[in-house]
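Have a look at the structure below, then the notes.
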Amino acid sequence: MTLRAPARLLGGLLLAAPAALPAQALVVVDPAGPVRTVTEALARVAPGGRINVRAGNYSEPVIRVAVPVTIVGDSGAVFVGGDHEIFVVTADDVTFRGLTLRHVEPSYVEDRAAILFDSVANCVVEDSRLEGTFFGIYLSRSRGCRISRNVVQGTSTAEMSAGNAIHLFHSRDVTVDGNRVTGHRDGIYLEFAEDARVIGNLSTGNLRYGLHFMFSHRCEYRDNRFVNNGAGVAVMYTRSMLMQGNTFADNWGAASYGLLLKEIRDSRILGNSFRENTVGMYLEGSARNEVTGNTFEANGWAVRVLADAEGNRFARNVFLRNSFDVSTNSRSNVSTFRGNYWDHYEGYDLDHDGFGDVPFHPVRLFSLLVAQHEPSLILLRSFFVDLLDAAERVMPVLTPETLRDDRPLMRVPA
Amino acid sequence: MTEPAVAAPAVEFRALRKRFGRLTALDGVDIRLGAGRVTALVGPNGAGKSTLIKCLLGLVRPDEGSIVLAGATLDGGFEYRRGLGYMPQAPRFPDNLTGREVVDMLRDLRGHAAATDGELLDWFGESGALDRPVRVLSGGTRQKLNAAIAFLFRPALLILDEPTAGLDPVASGILKDKIRRVRDAGATVVLSSHLIAELEELAEDLVFLVEGKIRYAGPLAGLKARTGETGLERAMAALLTRGGA
Amino acid sequence: MTTTVRVLKYELHNVVRSRAVLVYTLFLFLLTDVLFRFGGEGARVVLSLLNVVLLFVPLVSVVFGTMYVYSAREFTELLLAQPVGRRSLFAGLYLGLALPLAGAFLLGVGLPFAIHAKAEAALWGPLSMLFAGGLLLTFVFTAVAMLLAILFDDRAKGLGGAILIWLGCAVLYDGVILLLITMFREYPLERPVLALTLLNPIDLGRVLLLLQFDTAALMGYTGAVFEKFFGTSLGRVTVLLALAVQATVPLLLASRVFRRKDF
């Protein structure tokens, strides 16, 4: 208090004589106080100082942050945008905490965001709420930033007029953790964003992807939940990824999947859970990936591997109650399945080593039929179709002979 | 033992015709069965005896003609069967019910309030047969149950299809006595049988059917007189070879 | 009505005590119980029971039903000679046959669920559809059994017909659908296929369970057309209604034949 009282006094003086006064370590913005806008506060705050925003509605032109500063909102401090950004940050070491940002109108010509970081380092956005903003938090050419525990809630209903909740472009070493993102085009979007960590977020109800990587090498995402998005997660043109402990659920639709891997190499997909997706995991043109210890439960198609995917290794995964375990589009196959648990497996284990004594062929003839004649899907679980499948299993003619698990597990691994 | 009197109905078949596909079972049957008399239906296999009986029971619907029972024409209703007792030729009862349950079921089904005639039922029930599942009973015992059921509701019209088939001589005698007694009490009895002795013992009138047509209808004695034969068997054979007389 | 109830009462006694019904109940019980002991939780057991319900229940219903009606033929004649109407007698005979089989199914499958299954909300959907499917299929195929046994006096014909109809519904029908789909691949086939499915009781039962277990797959491809139709409550009611119609039609036919038949 002893510090604050003179500061306020000083603020009063500044108002009376605005020119050339020493910058302050703390500036308070209050709708009823001497400093009523953040723009004003930024002009007074010392580099590395702090701006405290009291409760109230603030509607300012674009707020340009060009000095290192920490902007903290009291509960009820609300910034309302319009047809422009709310904050544009061009300085390093800027932190936003506890703000509420509302209403940034969609634009068809620019990626208009609630907070835009342009070519900065060490930025932070945490514990804030973004509601009805076109793009939410946008990092361009930035590094070492952290986006934590925010709620980014969009109201988009059409993909064309929707932006991404958290958007990283050409950025490095960014952490995105503990956020809840919903109602956008992509929940979290990374393009040319390397060494990013995406951890413990919930992404749900987004129009396109819950999480979307493009050309973003060496990233990891762990322990996130992707539920009921247009599709769960798309990872494209990327290598050396770690995807671990995530949940992909309820992604339903004709072109919908839990996880789409397109041109992905040398990545690890470990201990994830795929539940009730139309397609659990979709691999196209992807190679040398390790898919281990995941659970695929009650998906339409648990895993779909296209013929151009090669050298992917599936082990210790658990397949439960999927309509189709594995499907593919060719008789040739160069991915390996070994030591997985398949609930459709009907073999035996006479030597009690925990592995079935006869191989399991996870690709059913019926899945090929459905791929060629879609309406035949209605015959799913028909006894006639089971007969066809059984015949094909005995003597594979149409299904890839090499796509099989020679050591199917007899029990769900602990 | 005397039976309580019942009002015997006369049975009239009028121009009864029935075809099964190409087969003519009844070809204009026109007879009147006397009230309070025992009439035997005889004839070679396939002559139409069963069909005639089934028409009377309502199991088969005639194509043409009508049946008049005690002055009333049968019209497809089922109330008239209250006064009917039927002993089918090859009875099969639900395997897992006991005799008692079968009897109870029929009693229930008729909603029969009036006094029943338990004489044959008691006879059948000797040695505990009533409480055993029907499937373990011998053919003869089953036939006893069949007879007991037919007489149970004091019918005024009894229809008996080969009544003594499968019965031992003692049982057969008891049944025949019973038939005579209900006749004496005023019931009309229609029976079919292949046993000449049985016919001679029981029947007063005889209806001789061949290929759905009546060759003879009248008193037993009249048939012998007409054919000039002394034995019933020969008389019937004569009727069959000589054609309609 | 009272006649129906009276006939039903004794028919129930009789059929319930029949060894075949006992064996049927026991088989269903043991199978379900074993599935629980080896497979574990409820939803997976329902899934394993799918083929039992779709194949075994109709087979037992139609074959046992046909044989039973034939074996009761003479007694039925005796009953017909009693002062009762044919219509109510028929109703009593049908219910006396269908209800014990339905009860056997309920008991045989239901009891293990009562013993083993945890009462989770997620299980109610699949379980109720399993029972709805099993019971309706029982009613459909006992009605077919009645029709066949009354229509044909020749037992071999009736029993052969029963097995043929089962084979047709359970296996061949789907083969024909598949054939049509591959033959007319250039046409939009979703709706015709949908209509064909509505005509086969076993397919309908299957669809009821598909909606519980394979929604994710049905949402893919043009499958969404099926999901859109069947997945709504309207679709579900349509399926149940269609099954009810499929039980009613053979039943009404059988009743009509029964009333006009010469025994």
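The values are calculated or read from the model by the stated rules, or taken from the named source; none is laboratory data. Only a predicted model underlies this, so the values are computations on that prediction, with no experimental measurement involved. Quick reminder, even Gly has a Cβ in these numbers, built from the backbone with ideal geometry, and neighbours come from all protein chains shown. Accessible surface areas use protein heavy atoms only, side chains included; no ligands, DNA or RNA. Shrake-Rupley method; radii C 1.70, N 1.55, O 1.52, S 1.80 Å.
For A:Met410, A:Met281, the ranking by accessible surface with the largest value first comes to A:Met410, A:Met281, using a 1.4 Å probe.
When only C-alpha pairs under 8 Å and at least 6 residues apart count, what is the relative contact order of chain A, in percent? Let's see the in-between values first.
On the way: 1322 pairs, mean separation 25.9, N = 414.
In percent, rounded to a whole number, it is 6.
Association of chains C and A removes close to 3000 square angstrom of accessible area from solvent, both sides included, for a probe radius of 1.4 Å. Projected over every direction and averaged, the convex hull enclosing the alpha-carbon atoms of the protein assembly as shown yields 54.7 nm². Burial of accessible area (probe 1.4 Å, heavy atoms of protein chains only) in segment C:175-192, relative to its chain alone, reaches at least 40 Å² for C:Leu178, C:Ile181.
By a 1.4 Å probe calculation restricted to protein chains, A:Phe274 has an accessible surface near 0 Å², given to the nearest 10. Between the residues B:Ser50, B:Met87, B:Leu152, the greatest Cα displacement towards the positive end of the dipole of segment B:11-242, with unit charges on the Cβ of Lys, Arg, Asp and Glu, is found for B:Ser50.
Based on the Cβ-Cβ distance of C:Val5 and B:Asp63, what FRET efficiency does E = 1/(1 + (r/R0)^6) give at R0 = 35 Å, to the nearest 0.05?
0.55
Mean per-residue shielding of peptide A:382-395 is 3, counting Cβ atoms of other chains within 10 Å of each Cβ. Calculate I(q)/I(0) for segment A:26-229 by the Debye formula, one identical point scatterer on each C-alpha and no solvent, and give its log10 at q = 0.13 Å⁻¹ to two decimals. Reported log10 I(q)/I(0), two decimals: -0.63.
The solvent-accessible area of A:Arg321, taken with every protein chain present and a 1.4 Å probe, is close to 40 Å².
Relative contact order for chain C using alpha-carbon pairs under 8 Å, separation at least 6, rounded to a whole percent?
Across chain C, relative contact order equals 27 percent.
Over the protein assembly as shown, dividing the summed -39,500 (n - 2.57) contributions of all DSSP H runs of at least 4 residues by the number of residues returns a 222 nm mean residue ellipticity of -12000 deg cm²/dmol.
With every protein chain in place and a 1.4 angstrom probe, the accessible-area ranking of A:His184, A:His344, largest first, reads A:His344, A:His184. Under a 5 Å amide H cut-off, with hydrogens placed 1.01 Å from N, A:Phe296 pairs with A:Phe274, A:Val318, A:Phe319, A:Leu320 among residues at least 5 apart or on other chains.
Inverting the pair-averaged 1/r between distinct Cα atoms of chain B gives 18.7 Å as its Kirkwood hydrodynamic radius.
Summing +1 for each Lys or Arg and -1 for each Asp or Glu among the other residues whose beta-carbon sits under 11 angstrom from that of A:Phe274 gives -2.
Panel note: contact residues of segment B:87-132 (accessible area lowered by at least 30 Å² against the chain on its own; 1.4 Å probe) correspond to B:Arg92, B:Pro94, B:Asn96, B:Leu97, B:Glu101, B:Met105, B:Leu106, B:Asp108, B:Leu109, B:Arg110.
Within 15 Å, Cβ to Cβ, of A:Tyr108, how many net charges do the neighbouring residues add up to if Lys/Arg are +1 and Asp/Glu are -1? Local charge sum for A:Tyr108: -3. At 1.4 Å probe radius, can you tell me the per residue accessible area of chain A in Å²? The answer is 40 Å² per residue.
Of the beta bridges DSSP finds with both residues in segment B:11-242, what % are antiparallel, to the nearest 5?
Antiparallel bridges make up about 55 percent of those DSSP assigns within segment B:11-242.
Residues of segment C:6-40 losing 30 Å² or more of accessible area relative to the isolated chain, 1.4 Å probe, heavy atoms only? Residues of segment C:6-40 that lose at least 30 Å² of accessible area once the other chains are added: C:Arg6, C:Tyr10, C:Asn14, C:Arg17.
Remark: for residue pairs B:Lys54/C:Lys261; B:Lys54/B:Lys144; B:Lys18/B:Lys54; C:Lys118/C:Lys228, the C-alpha separation exceeds 23 Å in C:Lys118/C:Lys228. Considering only protein heavy atoms and a 1.4 Å probe, what is the carbon-and-sulfur percentage of the accessible area of segment A:26-229? The computed percentage sits at 47.
In a simple Cβ point-charge model (Lys, Arg +1; Asp, Glu -1; nothing else charged), chain A has a dipole of about 1180 debye relative to its Cα centre. Looking at segment A:291-414 alone, DSSP beta bridges between its own residues are antiparallel in about 10 percent of cases.
Take the Cβ atoms of A:Ser75 and A:Asp308, set R0 to 60 Å, and the FRET efficiency comes out at 0.70. Accessible surface buried by the C/B pair amounts to about 2900 Å², both sides summed, 1.4 Å probe. Each of A:Val109, C:Val84 has its accessible area taken with a 1.4 Å probe; listed largest first, they run A:Val109, C:Val84.
Ligands, DNA and RNA aside, A:Glu194 has an accessible area near 50 Å² when probed at 1.4 Å.
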